[in-house]
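> First, the structure itself, so that you have it in front of you.
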Amino acid sequence: MSVPMLDINRQNQPLMDEITAAITEVCKSGAFLKGPAVKQLEEDIAAYCGTEHAIGCASGTDALLVALMALDIGPGDEVILPSFTFFATAGSVWRVGATPVFADIVPGTYNLSPEDVERRITPHTKAIMPVHLFGQAADMTALNRIAKKHNLHVIEDAAQAIGATEGGQRVGALGTIGCFSFYPTKNLGGMGDGGIITTNDAELASKMRVLCDHGQEPRYYHHMVGLNSRLDTVQAAAIGVKFRCLDSYAEAREKHALRYNERFKKLGLCDVLGVPGVAQGRRSVWNQYTVRVEDGARDALQQYLAERQIGSAVYYPVPLHLQKCFAELGYKEGDLPHTEQAAREVLSLPVFPELTKAEQTEVIEAVTAFAAEARTNQKRDAA
Ligand SMILES: *Cc1c(COP(=O)(O)O)cnc(C)c1O
């Protein structure tokens, strides 16, 4: 049996009639931008996250960009962020002309280490940009404490974590501004690109809304240079249908993740496999289920699974501080040891909500067989 890493069609298929009806309605109305479905989704997401405001935009990347612009972060300013994340986190900082300052992660959660963040604060630091990686909130309590002490903004990159909580509060409401993505593979995936920005600050909210619309207020009067970044009404209508299923998706992901953990522990694989943990006081929405495979065996496991038509993925093979485009920042190998080790060891296994029990069993059995072979080889080498 082949097992895909992700099957978006399985998720969308049961909703297809509703989605096409919602899209058709938008097409008939002609209100392709700023239509009622956009306003509805903004209200829904704000209520869901527990923030006063939500502003639709064209992508998660734009959400980050607009957040930085709204906080007047630019040349000469530094933003502290993880290197172990998707490119857009650092790309957005670079785009506004500010300097990304990469901090290391906590090995157990793959999220920003508050201690390392504090160590990297300089008089030029303007913001901390934690990422809630793989669906688990970063240590926002500690990061907010540091931010408060040093008078810094906190921009949450919540692209992978809609619905995740710390201390019972949802991400997007834990910092100054929260940034979300509706990219199809995210927990609330649209039919293309889309994003949304959350905040409790009314002034920032209206500024971000204007920035997303060329900085014009009213039309053709520009006090700021903004960008064209809007959430299409068609997109909002489709996402609105899926939004109603969001919690059930998260529950299914959690169920799969806990079963993996339970099985891998029971099978005694934890010497070969590092299973993911959730820090106290947090609830993950499991955008990824990510294991660690030590001693250079990660690629071998991925190949082993691929030969059995089982999907897996490496998020992320090259940390951002070692990317060519950031060479001029002067980072070198060894600068962020936990980040670099994670990049060598992580492998994400299928955890999408619609994964069947039989498929998951197939993944578990293949991983178990790989571990057994690895142990046999170790013993033979030792003999
Ligand atoms: C997906 C993602 C983004 C970017 O979102 P897009 O909608 O694809 O632009 C930013 N940060 C993280 C951590 C992501 O996973």
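> Shape of the range 59-189 from its Cα gyration tensor (a ≥ b ≥ c, root eigenvalues): rounded if a/c is under 1.5, otherwise prolate when a/b > b/c, or oblate?
The shape class here is oblate.
> Using alpha carbons only, how many degrees (0 to 90, rounded to 10) separate the axis of helix 357-382 from the longest principal axis of the chain?
Between helix and principal axis, roughly 50 degrees.
> A further question follows. Give me the dipole magnitude in Debye, nearest 20, for the chain about the Cα centre, with unit charges on the beta carbon: positive for Lys and Arg, negative for Asp and Glu.
Using Cβ point charges on Lys, Arg, Asp and Glu, the chain gives about 320 debye.
> Quick one: which residues, 5 or more positions from Ile105 or on another chain, have an amide H under 5 Å from its amide H? H modelled 1.01 Å from N in the peptide plane, none for Pro or chain starts.
Ser113, His338, Thr339
> Still on this structure, please answer the following. If I fit a long axis through the Cα atoms of helix 60-70 and take the longest principal axis of the Cα atoms of the chain, what angle between them do I get, 0 to 90°, rounded to 10?
The two axes meet at around 50 degrees.
> Continuing with the same structure: Between the DSSP loop rule and a limit of at most 15 other Cβ atoms within 10 Å, which GluC sites (Glu not before Pro) in the range 312-383 are left?
Counting only loop positions with at most 15 other Cβ atoms within 10 Å, the GluC sites (Glu not before Pro) in the range 312-383 are Glu333.
> Moving to a separate point now. Under the rule a/c < 1.5 gives rounded, and otherwise a/b versus b/c splits prolate from oblate, where does the chain land using the Cα gyration tensor?
Values: a/c = 2.15, a/b = 1.31, b/c = 1.64.
Taking the square roots of the gyration eigenvalues as a ≥ b ≥ c, the chain is oblate.
> So, one more: Of Leu320, Thr20, Cys270, which is farthest along the charge dipole of the chain in the positive direction, counting Lys and Arg as +1 and Asp and Glu as -1 at C-beta?
Cys270
> To continue, here is another question. With a 10 Å cut-off between alpha carbons and a GNM built on the chain, which of His150, His256, His53 moves the most?
His150
> If you don't mind, there's one more thing I want to ask. Restricting the count to DSSP beta bridges whose residues both fall in the chain, what percent are antiparallel, rounded to a multiple of 5?
Here the share of antiparallel DSSP bridges comes out near 60 percent.
> Between Glu115 and Thr185, what FRET efficiency follows from the Cβ-Cβ distance if R0 is 22 Å, with the result rounded to 0.05?
0.10
> Using θ = phi - 60° and the Karplus form 6.51 cos²θ - 1.76 cosθ + 1.60, what ³J(HN,Hα) does each residue of the range 321-328 get, whole Hz, x for Gly and Pro?
Karplus-based 3J(HN,Hα) across the range 321-328 equals 5, 9, 6, 3, 5, 9, 4, 5 Hz.
> In a GNM of the chain with a 10 Å cut-off on Cα contacts, which of Gly108, Gly35, Gly168 has the highest mean-square fluctuation?
The residue with the greatest mean-square fluctuation here is Gly168.
> First measure r as the distance between the Cβ atoms of Met1 and Gln40, then evaluate 1/(1 + (r/R0)^6) with R0 = 25 Å and state the FRET efficiency to the nearest 0.05.
0.05
> Compute the separation of the alpha-carbon centres of the range 242-299 and the range 323-383 and state it in Å as a whole number.
13 Å
> So, R0 is 51 Å and r is the distance between the beta-carbons of Ala382 and Glu25; what FRET efficiency does that work out to, to 0.05?
0.15
> Can you pull out the chymotrypsin sites (Phe, Trp or Tyr not before Pro) in the range 58-129 that DSSP calls coil and that have at most 15 other Cβ atoms within 10 Å? All intermediate terms of the calculation are to be shown ahead of the outcome.
Values: sites: Phe84, Phe86, Phe87, Trp94, Phe102, Tyr110; in loops: Phe84, Phe86, Phe87, Tyr110.
Passing sites in the range 58-129 are Phe87.
> Same structure, new question: Counting Lys and Arg as +1 and Asp and Glu as -1, each charge on the Cβ, what is the dipole of the range 24-137 about the Cα centre in debye, to the nearest 20?
In debye, rounded to 20, the range 24-137 gives about 280.
> Can you tell me which of Leu204, Leu320, Leu64 moves the most in a GNM of the chain? Springs connect C-alpha atoms under 10 Å apart.
Its mean-square fluctuation being the largest, the pick is Leu204.
> Return the distance in nm (one decimal) between the two label points of a simple spin-label model at Gln169 and Leu227, each offset 7 Å from Cα along Cα→Cβ.
It is 2.8 nm.
> Right, something else. Cα centroids of the range 121-194 and the range 18-41: how far apart, whole angstrom?
Using only Cα atoms, the two centres lie 29 Å from each other.
> Just to be sure I understand: of the beta bridges DSSP finds with both ends in the range 57-160, what percent are antiparallel, rounded to 5?
Close to 10 percent.
> Enumerate by residue number the trypsin sites (Lys or Arg not before Pro) in the range 232-334 meeting two conditions: DSSP loop (anything except H, G, I, E, B), and at most 11 other Cβ atoms within 10 Å of the site's Cβ.
Those that pass, being in a loop and sparsely packed, are Arg244, Lys332.
> With only Lys, Arg, Asp and Glu charged, each at its Cβ (+1 for the first two, -1 for the last two), find how big the charge dipole of the range 11-74 is about the Cα centre; round to the nearest 20 debye.
In total the dipole reaches around 180 debye.
> Which whole-Hz ³J(HN,Hα) couplings does the range 200-211 yield from phi under the Karplus relation 6.51 cos²θ - 1.76 cosθ + 1.60, θ = phi - 60°, glycine and proline marked x?
Using θ = phi - 60°, the values come out as 9, 9, 4, 5, 4, 4, 5, 4, 5, 4, 5, 4 Hz.
> While we're on this one: To test your reading of the geometry: what angle, between 0 and 90 degrees and rounded to tens, separates the Cα axis of helix 36-49 from the longest principal axis of the chain?
60 degrees
> Per-residue HN-Hα couplings for the range 92-104, Karplus 6.51 cos²θ - 1.76 cosθ + 1.60 at θ = phi - 60°, whole Hz, x for Gly and Pro?
5, 5, 4, 4, 7, x, 7, 9, x, 10, 8, 10, 7
> Another question about this same structure. How would you classify the range 247-382 from its alpha-carbon gyration tensor, with a ≥ b ≥ c the square roots of the eigenvalues: rounded for a/c under 1.5, else prolate if a/b is greater than b/c, otherwise oblate?
Because a/c hits 1.5 or more and a/b fails to exceed b/c, the range 247-382 counts as oblate.
Bear in mind these aren't lab numbers, they're just calculated from the coordinates by the rules spelled out. This one's a predicted model, so the numbers in the text were calculated from it and none came from an experiment. For neighbour counting, all protein chains shown are included, and Cβ atoms are generated from backbone atoms with ideal geometry for every residue, glycine included.
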